[in-house]
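First up is the structure itself, then whatever we jot down about it.
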Amino acid sequence: MLPGMRAIIVENPGSESVLRVSEVAAPELVPGSLRVRVAAAAVNRADLMQRQGMYPPPPGASELLGLECAGEVAEIASDVTDFRVGDRVMALLAGGGYAEEVVVDAGSAMPVPDGMSFEQAAAVPEVFLTVFLNVFELGAFPDGGTLLVHGGGSGIGTAAIQLVSVAGGRSVVTAGSEEKCRKCRELGADVAVNYRDGDFVAACREATNDRGVDVVLDSIGAPYLEKNLAALAMNGRLVLIGLMGGAKAEISLATLLMRRLQLIGSTLRARPVAEKAAIVRSFWSRFGAALEKGELHAVVDRVLPLAEAEEAHRAMLASEHFGKLVLRT
Ligand SMILES: NC(=O)c1ccc[n+]([C@@H]2O[C@H](COP(=O)([O-])OP(=O)(O)OC[C@H]3O[C@@H](n4cnc5c(N)ncnc54)[C@H](OP(=O)(O)O)[C@@H]3O)[C@@H](O)[C@H]2O)c1
């Protein structure tokens, strides 16, 4: 029997689900991995879906919630050479972050920059790597380009605004209140549109001399599909990473054909560890220095104790937050 640890478990997965602290077995170290003593883990929208039973972990991954964490390396598999016990790391996880310990593939871990707290670091991997993969790699965001990202006040949005700005590009964002729009502009967004009464297609055209944006990063899905395509420039890319507004839509394929647009769907969690390691390496070589210099940072809305995971989920569901919600173990 493995030693135990405290973790959050989901009781009654589904619409009546409840999060509780429980004692569970600690995960086993496997080849290629690190055991991390988790100091902090961040909350993601996907965690809300997982507890509903709608986003199961990929085969072999921890059943526990938690797609990212930061903490100290406590143990290292014998075939891992690039980390030492005691190193401060932040890591992308396929699950298991809402716990005192997690085992993570070494390729999914990054060093925590000096001066960055574990609470800050825990909120970096999932959203910064997702934006990097989808905007810069799959979306081929060009130098000096313009991005449209929905939910500018989300974890994803706050990472996208900063990455695009550090890369010398421009961003147009949507958000559901004037206050969130103002905070997005303060963070570096060039244009912020309140989607409750504003027209983001017109804002994209205006921001680009009527040309349209190069890339759209969308997590809303069906209700925005037609407008997202209208916001794109010729040869533009729409990268779909979420379906918060629905999955079924009808469009004229002539729009894609005549304007040479690309529609790309993408997930990060279920990718093989070797692919994730390649994404982590490319991200670090392009943006690691900016993180170390403090030019990029996770926007942390609030930090709660792990035992208050339920309250963090409530706040996220209500979209009260700007940036990330973090749990301290
Ligand atoms: N495919 C992948 O690999 C991947 C990876 C990570 C995340 N994601 C997806 O990315 C999305 C964001 O994740 P997150 O963790 O950053 O979530 P989050 O912080 O909870 O953000 C969701 C945001 O969407 C905004 N929003 C809701 N309805 C909107 C609408 N109609 N138009 C514009 N904004 C709207 C909400 O705020 P306001 O309404 O108050 O503005 C909120 O800021 C989720 O769908 C998640 O599943 C996908």
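The values are calculated or read from the model by the stated rules, or taken from the named source; none is laboratory data. The structure displayed is predicted, hence computed values, not measured ones. Don't worry about glycine lacking a Cβ; one is built from the backbone with ideal geometry, like all the others, and counts go over all protein chains shown.
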Give the residue that is surrounded by the most Cβ atoms within 10 Å (Cβ to Cβ), with candidates limited to residues of region 125-163 that are under 12 Å from the mean Cα position of the chain (by Cα) and of a type in the set (S, T, N, Q).
-> T158
Give the residues of region 1-27 that are within 25 Å of V124 (Cα to Cα) and touching a residue at least 60 places away in the same chain (Cβ under 8 Å), sorted by residue number.
-> M5, R6, A7, I8, L19, V21, A26, P27
Specify the residue that is surrounded by the most Cβ atoms within 10 Å (Cβ to Cβ); the eligible residues are those in region 237-260 that are among the small types (G, A, S) and within 9 Å of the ligand (Cβ to nearest atom).
-> G242
Checked R170, R185, R211 against criteria (touching a strand residue (DSSP E or B) at 6+ places or on another chain (Cβ under 7 Å), of a type in the set (D, E, K, R) and within 15 Å of the ligand (Cβ to nearest atom)); the one match is R185
Residue selected from region 214-236 under the condition away from the ligand (no atom under 13 Å from the Cβ) and among the acidic types (D, E), by the criterion surrounded by the fewest Cβ atoms within 10 Å (Cβ to Cβ) = E226
Residues of region 37-54 classified as buried (at least 17 other Cβ atoms within 10 Å of the Cβ) and free of Cβ contacts under 8 Å to residues at least 40 places away in the same chain, total | 0
Looking only at region 97-109, decide whether some residue is out of contact with any strand residue (DSSP E or B) (no Cβ under 8 Å at 6 or more places or on another chain), surrounded by fewer than 24 Cβ atoms within 10 Å (Cβ to Cβ) and modelled with pLDDT of 95 or more.
-> yes
Quick check: anything in region 57-76 in a helix (DSSP H, G or I) and within 14 Å of the ligand (Cβ to nearest atom)?
-> no
Contact list, first residue from region 219-241 and closer than 16 Å to G265 by Cβ, second anywhere and among the β-branched types (V, I, T) and surrounded by fewer than 16 Cβ atoms within 10 Å (Cβ to Cβ), beta-carbon distance below 8 Å, six or more apart or interchain, is L225/I251; L229/I251; L229/T255; R237/I264; L238/I264; V239/I264; L240/I264; I241/T267
E75 vs. criteria more than 30 Å from E206 (Cα to Cα), touching a residue at least 40 places away in the same chain (Cβ under 8 Å) and charged (D, E, K, R) = yes
With a cut-off of at least 2 residues that are within 26 Å of P56 (Cα to Cα) and not hydroxyl-bearing (S, T, Y), name the helices (runs of 4 or more DSSP H) lying wholly within region 244-329.
-> 273-292, 309-317
Failed condition for T81, given (1) within 24 Å of S285 (Cβ to Cβ); (2) hydroxyl-bearing (S, T, Y); (3) within 15 Å of the ligand (Cβ to nearest atom) | (3)
